[in-house]
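Below is one structure, written out as structure tokens, with a few remarks after it.
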Amino acid sequence: MAEIPFPLTTERLTLRRFSTDDLDAYYAYQQLPETARYHLNPERSYAQCMGKIAQFVAGGFDTPGQWISFALSLKGQTTLIGEIALKWGDGGKPEDGGVPERVGEIGWTLSPAAQGHGYATEAAKAVLDLAFGQLNFYRLEARLDARNDASAAVCERLGMHREGVLVDNMYLKGEWTSEAIYAKFRDLPPSSD
């Protein structure tokens, strides 16, 4: 299992494991149309939020395909202001019997009141550092609705490069949408060749 050192802390934030106490705050922003605007799913019901919190609380990070979700709160406080998730993707097959490099995906959602303060960038940087450092990921990507300028700006502040846009690749909420893909790679030492 990949050990996740809960909590992570930054200058202003605590990234911790979700608890059942987060349900009401989670529902408060997940049920808003402005939160769901760029998500694959519409606004979430209270029951759906209960299910997601249960997944977050019980979730492991043992094998490719799993997500780990961090609850975000301001340092010294416990009120949930958003979440950031890290997916352990498939890294390919090891050709020499070794462990394949890990690849993954990162994503975030903040309550509307927490947006515009740099919290998403700060939290995502902490998760990128964890993924590339302790967890030994090689590549992380962010996949977002191409109209989501705020998340694109976070990606750019993190040093992620835009790899491209999949034009009208999803039909969501009654319209065709395009998906922008950003990526960042672990800094590797120079080759000795």
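Values for this structure:
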{"quantity": "Qualifying residue in the stretch 85-100 (condition: surrounded by 13 or more Cβ atoms within 10 Å (Cβ to Cβ) and assigned to a helix (DSSP H, G or I))", "calculated": "no"}
{"quantity": "Those helices (runs of 4 or more DSSP H) lying entirely in the stretch 21-69 with at least 1 residues of a type in the set (F, W, Y) and either touching a His at 6+ places or on another chain (Cβ under 8 Å) or surrounded by 15 or more Cβ atoms within 10 Å (Cβ to Cβ) (or both)", "calculated": "23-30, 46-58"}
{"quantity": "Looking only at the stretch 117-151, and only at residues there that are free of Cβ contacts under 8 Å to residues at least 40 places away in the same chain and assigned to a helix (DSSP H, G or I), the one that is nearest to L86 (Cα to Cα)", "calculated": "D129"}
{"quantity": "Residues of the stretch 156-193 satisfying the condition of being touching a strand residue (DSSP E or B) at 6+ places or on another chain (Cβ under 7 Å), at pLDDT 95 or above and among the charged types (D, E, K, R)", "calculated": "R162, E163, D168, E179, K184"}
{"quantity": "Residue list for the stretch 160-169, filter: within 21 Å of W88 (Cβ to Cβ) and either in contact (Cβ under 8 Å) with a residue 40 or more places away in the chain or surrounded by fewer than 16 Cβ atoms within 10 Å (Cβ to Cβ) (or both)", "calculated": "E163"}
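The values are calculated or read from the model by the stated rules, or taken from the named source; none is laboratory data. What you see is a predicted model; the values in this text were computed from it and never measured. Note: ideal-geometry Cβ built from the backbone for every residue, glycine included; neighbour counts use all protein chains shown.
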